[in-house]
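Student: Following this message is one structure expressed as structure tokens.
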Amino acid sequence: MNNILKVAKNEYTQHVFTKKFWVALMAVPLIFIFFGAISAFVGAKSVDTRPIGIVDQAGIITQTQKLDGKGGLFDMTIEFQGFKDEKAPKMGTEAGSLQGYVVIPEDYAENHTLTWYGNKQMTPEVQKALSGFIGQNLMAGLTIPNKERIEAGSVIRIESLDGSVQSSGDSWQRILIPAITGLLYFILVMGSGNYLLQSLVGEKENRTIEIMLTSVTPNEMMAGKIIGNIGVAITQLVSWVGLILIGALAFRSKLTFLSAIEISWATMGINLVFLMVSFIFTASLLAILGATMTETQEAQSVMGLMVFPVMIPFYFFVVIMNAPNGLFARVLSYIPFSNPLTMGLRMAFTKVATWEILLVLAVQVVFAGLMLWLAGKAFKVGMLQFEKKVSLISLLKKEARNA
Amino acid sequence: MSKIIVNQISKRFGKTQAVRDISFDVRAGEIFGLLGPNGCGKTTSIRIILDIYQPDSGFAEVLGGPMSAEKKAKIGYLPEERGLYQDVPLDRCLTYLASLKGMRDEDIKAKLPVFLEKFDLSAHAKKKTKELSKGMQQKGQLIATLMHDPEVIIIDEPFTALDPINTQLVKDVLDEERQKGKAIIMCTHQMSQVESLCDRLVLVDQGRVLLMGGLDEINDRFKTDEVLVKALTPLPSSIKGVKDIMPMNGNHKLTPEEGVQPSQLLKMLMEQGVALESYKVLVPSLDEIFIRVVEEGKRKDE
């Protein structure tokens with residue numbers, strides 16, 4: 001095994017084979033599940049599912065209500081109960097067995113006006129259920145061409161002028177892959193990048209760096225640490241994705257919308273390449289910063305600041321979507337921090353010329369290579385400065401003298 | 001045969017000339033003392049030997065040529081800034097460091113328990129490094145320095161934090177390594193350890209060599225004809241052949257007149273009826289030589 005793999009293996013095992021790692025790993029989905037469950041519980045409790053009385057003076061209700069719902073996670077069915085006059089539903093509403101009642105007047109066909117009687121406002125859920133129920137009864141018995149098609153709505157297919165970008169999904173489906181790529185980059189930087197920075201500063205804090213440099217080259221050490229920490233991040237992601245899949249399988253009957261997602265493996269591959277190159281750039285930058293620090297606490301503050309550049313494309317998500325070939329989106333494509341999400345979004349919403357994809361990739365590779373080279377140099381000098389903080393400029397000057 | 005050759009190396013950091021024209025060599029089977037006050041350029045010299053720094057001029061050769069990846073595995077280094085991974089068990093930390101020196105897993109498994117036993121750390125192998133005392137960590141680091149059986153050993157202050165028993169243990173280990181033909185550079189401020197261990201030494205101050213040679217050679221160079229006597233009866237105020245008499249902790253330091261050797265002086269004292277309990281030719285300690293040479297160097301600079 002070469003030195004890079006030895007360093008990577010040690011880096012990986014030092015983080016992953018600890019209770020702390022798994023507790024932190026499981027804590028994230030558990031927190032999501034906890035707050036999600038609370039939110040769902042509160043949401044479900046806030047929806048009044050008590051029956052609603054219908055007093056049909058117009059005689060339009062001829063069909064019984066469909067109570068099977070759509071099958072969504074939070075779909076609630078509100079039952080409508082028919083009454084001949086207002087006396088019984090009024091008593092039921094006062095007693096609380098009904099949440100209210102609706103009177104369909106005799107002149108409904110002319111005025112299209114219903115009257116709601118209740119002690120509180122008609123909720124959107126009730127309005128939606130009532131509209132569906134009335135519509136279903138109004139159309140009952142009529143021969144309407146393509147009635148089912150009208151009810152189901154249309155699937156809109158989207159295609160760029162040259163036919164290169166095609167999608168039959170909604171916007172949310174098209175932004176799914178870029179958004180996941182951007183999110184992965186964010187998680188990689190905040191998770192793996194953070195581990196890398198902590199690890200480098202830790203070598204300094206533990207005074208192990210000088211021993212390391214008599215066994216491996218700075219570049220071997222850096223590469224090993226980057227690979228090891230990417231492994232840590234992948235472990236995190238795989239664990240989380242695994243949990244999501246288990247959850248999706250458990251609730252598959254309620255998550256029918258997932259089957260509509262279309263995935264282009266080629267686009268995903270390009271996104272992944274951009275993601276990895278950007279991460280190498282960011283990791284190298286973190287390594288340079290790590291070389292200037294003496295304590296892991298400082299490293300934590302730096303990671304706090306890293307959130308801002310990494311979040312830039314998220315702030316301008318809509319701008320990029322609306323003008324994917326605009327100047328702003330193009331500029332963001334060349335900045336390593338914003339590259340993964342921006343390029344992902346652009347490729348999802350327009351045709352990006354192949355030459356431009358290659359040019360952006362080439363620029364990213366140059367940036368990443370330059371930063372990696374600088375990191376190796378800065379690291380070699382700065383990492384042996386144990387006691388005092390080193391400014392970035394003096395570090396590079398020092399290296400220039402030593403080179 | 002020289003395992004390390006340092007030839008006229010110089011290194012400057014900004015306005016500070018850390019090392020200037022330092023030369024020395026270290027042979028197989030010797031312990032070579034690299035001495036000097038704090039900030040004198042010892043660590044920079046070592047880092048140049050180890051290829052961590054590049055010299056501005058001159059060169060350092062290890063095992064017959066420039067440093068290479070293969071040669072790194074043949075060097076054992078105990079830096080002044082001690083370091084082991086604090087949050088991992090000692091045995092895992094040592095296994096990792098040994099693997100980076102090219103040791104195979106089966107060799108590590110075979111040798112590590114032997115070294116842990118030798119340094120009395122077997123019972124602490126599974127403890128996290130941060131749970132160990134400074135002395136134990138120091139011994140752990142010595143294991144990391146020696147376990148891969150290096151040809152060249154460079155150790156900086158190996159006795160810091162060690163009690164007398166462990167100090168003796170480390171001295172014995174270093175002596176063993178010397179017997180095996182290893183070339184050893186030892187940096188220390190503890191001159192008594194240099195006197196008892198080193199074959200040759202170089203004294204560096206302000207980045208330059210002030211003194212170099214074998215221990216006997218240096219002692220000869222700095223010895224005086226002064227003697228320390230303990231008299232059974234009070235000494236007369238003036239003694240023939242003695243230029244100066246100075247009381248010293250219940251003894252007397254006698255400085256003989258020009259041309260009078262210590263052996264002649266003893267004879268003269270006996271002839272003058274001075275009754276002596278002890279008579280000792282004063283040889284300056286390495287501490288004294290160190291201070292004298294460094295101060296002379298400073299005076300020359302002024």
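Student: Could you check how many residues of segment B:43-84 are in a strand (DSSP E or B), closer than 24 Å to B:PHE13 by Cα and hydrophobic (A, V, I, L, M, F, W, C)?
Tutor: Number satisfying all stated conditions: 4.
Student: May I pose another question? So which of B:THR160, B:THR145 ends up being among the hydroxyl-bearing types (Ser, Thr, Tyr) and assigned by TED's automatic domain parsing to the domain that holds B:ILE4?
Tutor: B:THR160
Student: Take segment A:288-302 and flag every residue that is within 25 Å of the chain's Cα centre (by Cα) and farther than 20 Å from A:LEU374 by Cβ.
Tutor: First, the residues of segment A:288-302 that are within 25 Å of the chain's Cα centre (by Cα): A:300-302.
A:GLN300, A:SER301 - these are the residues of segment A:288-302 that are within 25 Å of the chain's Cα centre (by Cα) and farther than 20 Å from A:LEU374 by Cβ.
Student: Checking the conditions here, which among A:ALA179, A:ALA109 is assigned by TED's automatic domain parsing to the domain that holds A:MET306 and either within 30 Å of A:PRO340 (Cα to Cα) or modelled with pLDDT of 80 or more (or both)?
Tutor: Among A:ALA179, A:ALA109, only A:ALA179 is assigned by TED's automatic domain parsing to the domain that holds A:MET306 and either within 30 Å of A:PRO340 (Cα to Cα) or modelled with pLDDT of 80 or more (or both).
Student: Is it the case that A:TRP240 is more than 14 Å from every other protein chain (Cβ to nearest Cβ), at pLDDT below 80 and part of a helix (DSSP H, G or I)? Spell out the reasoning first.
Tutor: Details: more than 14 Å from every other protein chain (Cβ to nearest Cβ): yes; at pLDDT below 80: no; part of a helix (DSSP H, G or I): yes.
Answer is no for this residue.
Student: I've got another one for you. Got at least one residue in segment A:259-267 being surrounded by fewer than 20 Cβ atoms within 10 Å (Cβ to Cβ), outside any helix (DSSP H, G or I) and in contact with a Lys or Arg (Cβ under 7 Å, 6 or more places away or on another chain)?
Tutor: To start, the set of residues in segment A:259-267 that are surrounded by fewer than 20 Cβ atoms within 10 Å (Cβ to Cβ) comprises A:259-267.
Okay, now just the ones that are also outside any helix (DSSP H, G or I), so A:261-264.
When the remaining residues are screened for being in contact with a Lys or Arg (Cβ under 7 Å, 6 or more places away or on another chain), the result is none.
The answer is no; no qualifying residue exists.
Student: With respect to A:THR143, is the statement that it is surrounded by 11 or more Cβ atoms within 10 Å (Cβ to Cβ) and free of Cβ contacts under 8 Å to residues at least 60 places away in the same chain true?
Tutor: Details: surrounded by 11 or more Cβ atoms within 10 Å (Cβ to Cβ): no; free of Cβ contacts under 8 Å to residues at least 60 places away in the same chain: yes.
Judged against the criteria, A:THR143 is not a match.
Student: Please go through (1) of a type in the set (A, V, I, L, M); (2) under 30 Å from B:VAL26 (Cβ atoms); (3) in a strand (DSSP E or B) for B:VAL293 and return the number of the only condition it doesn't satisfy.
Tutor: Going through (1) of a type in the set (A, V, I, L, M); (2) under 30 Å from B:VAL26 (Cβ atoms); (3) in a strand (DSSP E or B) one by one, B:VAL293 breaks only (3).
Student: Specify the residue that is farthest from B:GLU70 (Cα to Cα); the eligible residues are those in segment B:143-170 that are of a type outside the set (A, V, I, L, M, F, W, C) and in a helix (DSSP H, G or I). Reasoning before the result, please.
Tutor: Step one: list which residues in segment B:143-170 are of a type outside the set (A, V, I, L, M, F, W, C), which gives B:145, B:148-151, B:156-158, B:160, B:163-164, B:166-168.
Next, only the ones that are in a helix (DSSP H, G or I) stay: B:145, B:164, B:166-168.
Working: B:THR145: 16, B:PRO164: 36, B:ASN166: 32, B:THR167: 32, B:GLN168: 32 Å.
The qualifying residue farthest from B:GLU70 (Cα to Cα) is B:PRO164.
Student: Right, next: Inspect segment A:287-304 for any residue being surrounded by 15 or more Cβ atoms within 10 Å (Cβ to Cβ), under 18 Å from A:LEU184 (Cα atoms) and in contact (Cβ under 8 Å) with a residue 40 or more places away in the chain and give the result as yes or no.
Tutor: yes
Student: Another one. From the residues in segment B:85-105 that are in a loop (DSSP other than H, G, I, E, B) and at pLDDT 90 or above, which one is surrounded by the fewest Cβ atoms within 10 Å (Cβ to Cβ)?
Tutor: So the residue we want is B:ARG104.
Student: Looking only at residues that are aromatic (Phe, Trp, Tyr) and under 26 Å from the mean Cα position of the chain (by Cα) in segment A:317-375, which one is nearest to A:THR267 (Cα to Cα)?
Tutor: From segment A:317-375, those aromatic (Phe, Trp, Tyr) are A:317, A:328, A:334, A:337, A:349, A:355, A:367, A:373; that's our starting set.
Filter once more, so that each one left must be under 26 Å from the mean Cα position of the chain (by Cα): A:317, A:328, A:334, A:337, A:349.
Details: A:PHE317: 19, A:PHE328: 22, A:TYR334: 18, A:PHE337: 19, A:PHE349: 12 Å.
The residue in question is A:PHE349.
Student: Considering every residue within segment B:15-26, establish whether at least one is touching a Gly at 6+ places or on another chain (Cβ under 8 Å), more than 13 Å from chain A (Cβ to nearest Cβ), within 25 Å of B:HIS189 (Cβ to Cβ) and among the acidic types (Asp, Glu).
Tutor: Checked segment B:15-26: at least one residue is touching a Gly at 6+ places or on another chain (Cβ under 8 Å), more than 13 Å from chain A (Cβ to nearest Cβ), within 25 Å of B:HIS189 (Cβ to Cβ) and among the acidic types (Asp, Glu).
Student: Next up: Return the pair list, or none, for Cβ contacts closer than 8 Å from residues in segment B:96-118 that are closer than 18 Å to B:ALA73 by Cα and within 12 Å of chain A (Cβ to nearest Cβ) to residues that are of a type in the set (Gly, Ala, Ser) and surrounded by fewer than 20 Cβ atoms within 10 Å (Cβ to Cβ), at least 6 apart or on different chains.
Tutor: B:LYS101/B:ALA73; B:GLY102/B:ALA73
Student: Another question, then. Can you pull out the residues in segment A:194-209 that are among the hydroxyl-bearing types (Ser, Thr, Tyr) and within 11 Å of chain B (Cβ to nearest Cβ)?
Tutor: The answer is A:SER199, A:THR208.
Student: A follow-up question, please. Might you let me know whether segment B:31-39 holds any residue that is at the interface with chain A (Cβ under 10 Å from one of its Cβ atoms) and closer than 30 Å to B:LEU286 by Cα?
Tutor: Narrowing segment B:31-39 to residues at the interface with chain A (Cβ under 10 Å from one of its Cβ atoms): none.
Looking through segment B:31-39, none of the residues is at the interface with chain A (Cβ under 10 Å from one of its Cβ atoms) and closer than 30 Å to B:LEU286 by Cα.
Student: Show the residue pairs meeting these rules: Cβ distance below 8 Å; 6+ apart or different chains; first residue within segment B:59-86 and within 7 Å of chain A (Cβ to nearest Cβ); second residue basic (Lys, Arg).
Tutor: That search, which allows pairs on different chains as well, returns B:LYS72/B:LYS101; B:PRO79/A:ARG207; B:GLU81/A:ARG207; B:ARG82/A:ARG207; B:GLY83/A:ARG207; B:GLN86/B:LYS128; B:GLN86/B:LYS130.
Student: Residues of segment A:281-309 being assigned to a helix (DSSP H, G or I) and among the β-branched types (Val, Ile, Thr), which ones?
Tutor: Passing the criteria: A:THR282, A:ILE288, A:THR292, A:THR296, A:VAL302, A:VAL307.
Student: Limited to segment A:210-221, what total is found for residues that are closer than 14 Å to B:THR145 by Cα and either more than 7 Å from chain B (Cβ to nearest Cβ) or among the basic types (Lys, Arg) (or both)? Spell out how you get there, then give the answer.
Tutor: Step one: of segment A:210-221, the residues closer than 14 Å to B:THR145 by Cα are A:210-215.
Next, only the ones that are either more than 7 Å from chain B (Cβ to nearest Cβ) or among the basic types (Lys, Arg) (or both) stay: A:212.
Count: 1.
Student: When you scan segment B:54-67, do you find a residue that is closer than 22 Å to A:LYS6 by Cβ and either crowded, with 20+ Cβ neighbours inside 10 Å or not basic (Lys, Arg) (or both), even just one?
Tutor: yes
Student: Can you confirm whether segment B:245-259 contains a residue that is surrounded by 12 or more Cβ atoms within 10 Å (Cβ to Cβ), over 30 Å from B:GLY33 (Cβ atoms) and out of contact with any strand residue (DSSP E or B) (no Cβ under 7 Å at 6 or more places or on another chain)?
Tutor: No, that holds for no residue.
The values are calculated or read from the model by the stated rules, or taken from the named source; none is laboratory data. This one's a predicted model, so the numbers in the text were calculated from it and none came from an experiment. For neighbour counting, all protein chains shown are included, and Cβ atoms are generated from backbone atoms with ideal geometry for every residue, glycine included.
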